[in-house]
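The values are calculated or read from the model by the stated rules, or taken from the named source; none is laboratory data. Every value quoted in this text rests on a predicted model; they were computed, and no experiment measured them. Neighbour counts run over all protein chains shown; Cβ positions are idealised from the backbone, glycine included.
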């Protein structure tokens, strides 16, 4: 079927606005990851879900960042009161069962905070 | 923590074999080594994964010495379309979290 999809592909927000980024993983993939990628850098881990359970959120940079996956499929990354330093590409990835090292990435959402 | 170190950039001519080495001195016993490729404006794409010795698939080969403190990604006969950033990954702190290294920007020259 289709790969991991993310929406929107591009988002421009004014500083202080809230944004919500969506990820549709590959059907049947129980594991879902969010990463933040700054320009010229490698992706940085944000958080990890196994089904609907958020098992690791140690990479979230502040309490303004919140992720959820209520039904174990689609996930939303929400950033409250955006700041300029939040500008980055946000990548979502999913993995098939028993193969967490093989992650399938979406195209990312490029967030620009003005 | 198993931190990885790679060359920042490499240039190669079309048709040549390219070898990119990654250092991971603190790799844990149960960790696997995984390489990803990333084109501009795209998410990373899985290339190859290994635990020890040599792994080969239709895209690349991965060489891992006995001490597993480094690994080498080998791309045979590169083409212009292989121009990308290549990341070496080693699991950190358990199975949930992985950390991408600095990545190696490969530029293939005609």
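Which one is surrounded by the fewest Cβ atoms within 10 Å (Cβ to Cβ), of the residues in the stretch B:40-51 that are within 14 Å of the chain's Cα centre (by Cα) and in a loop (DSSP other than H, G, I, E, B)?
From the stretch B:40-51, those within 14 Å of the chain's Cα centre (by Cα) are B:44-51; that's our starting set.
This time we only want the ones that are in a loop (DSSP other than H, G, I, E, B), so: B:44, B:51.
Working: B:44: 27, B:51: 12.
So the residue we want is B:51.
If you scan the stretch B:65-80, which residues turn out to be more than 14 Å from chain A (Cβ to nearest Cβ) and either crowded, with 16+ Cβ neighbours inside 10 Å or touching a residue at least 24 places away in the same chain (Cβ under 8 Å) (or both)?
Step one: of the stretch B:65-80, the residues more than 14 Å from chain A (Cβ to nearest Cβ) are B:65-70, B:72-80.
Once the filter is applied, which keeps residues that are more than 14 Å from chain A (Cβ to nearest Cβ) and either crowded, with 16+ Cβ neighbours inside 10 Å or touching a residue at least 24 places away in the same chain (Cβ under 8 Å) (or both), the stretch B:65-80 yields B:68, B:69, B:70, B:72, B:73, B:74, B:75, B:76, B:77, B:78, B:79, B:80.
So if I check each of A:90, A:48, which one is at pLDDT below 95, within 10 Å of the chain's Cα centre (by Cα) and within 13 Å of chain B (Cβ to nearest Cβ)?
Values: A:90 fails: at pLDDT below 95.
Every option except A:48 fails the conditions.
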Exercise. Could you say which residue among A:39, A:46, A:77 is closer than 26 Å to residue B:40 by Cβ and not in a strand (DSSP E or B)?
Worked result: A:39
Exercise. Which of (1) surrounded by fewer than 14 Cβ atoms within 10 Å (Cβ to Cβ); (2) more than 22 Å from residue A:16 (Cα to Cα) is the odd one out, the single condition residue A:74 does not satisfy?
Worked result: (1)
For this session: Mind listing just one residue for me: the one in the stretch B:3-12 that is under 15 Å from the mean Cα position of the chain (by Cα) and away from chain A (no Cβ under 11 Å) and, of those, surrounded by the fewest Cβ atoms within 10 Å (Cβ to Cβ)?
Result: B:9
Problem set entry | Scan of the stretch A:93-104 for residues that are facing chain B (nearest Cβ under 8 Å), in a loop (DSSP other than H, G, I, E, B) and touching a residue at least 60 places away in the same chain (Cβ under 8 Å), ordered by number | A:100, A:103
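Of A:107, A:70, which residue is touching a strand residue (DSSP E or B) at 6+ places or on another chain (Cβ under 7 Å) and outside any strand (DSSP E or B)? Give the steps one after another, and end with the answer.
Details: A:70 fails: touching a strand residue (DSSP E or B) at 6+ places or on another chain (Cβ under 7 Å).
Residue meeting the stated conditions: A:107.
Among the candidates B:103, B:15, which residue alone is farther than 23 Å from residue A:25 by Cα and within 14 Å of another protein chain (Cβ to nearest Cβ)? Explain how you work it out, then say what you get.
Details: B:15 fails: within 14 Å of another protein chain (Cβ to nearest Cβ).
The conditions single out B:103.
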Exercise. Which of (1) in contact (Cβ under 8 Å) with a residue 60 or more places away in the chain; (2) in contact with a strand residue (DSSP E or B) (Cβ under 7 Å, 6 or more places away or on another chain) is the odd one out, the single condition residue A:81 does not satisfy?
Worked result: (2)
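Going by what's in this entry, would residue B:34 be described as outside any strand (DSSP E or B), facing chain A (nearest Cβ under 10 Å) and either closer than 26 Å to residue A:88 by Cβ or within 11 Å of the chain's Cα centre (by Cα) (or both)?
On the way: outside any strand (DSSP E or B): no; facing chain A (nearest Cβ under 10 Å): yes; either closer than 26 Å to residue A:88 by Cβ or within 11 Å of the chain's Cα centre (by Cα) (or both): yes.
For residue B:34, the condition - outside any strand (DSSP E or B), facing chain A (nearest Cβ under 10 Å) and either closer than 26 Å to residue A:88 by Cβ or within 11 Å of the chain's Cα centre (by Cα) (or both) - is not met.
Just give me the residues in the stretch A:1-20 being part of a strand (DSSP E or B) and under 10 Å from residue A:106 (Cβ atoms), in sequence order. Explain how you work it out, then say what you get.
Initial filter on the stretch A:1-20 (part of a strand (DSSP E or B)): A:5-7, A:10-13, A:19-20.
Those that are part of a strand (DSSP E or B) and under 10 Å from residue A:106 (Cβ atoms): A:5, A:6, A:7.
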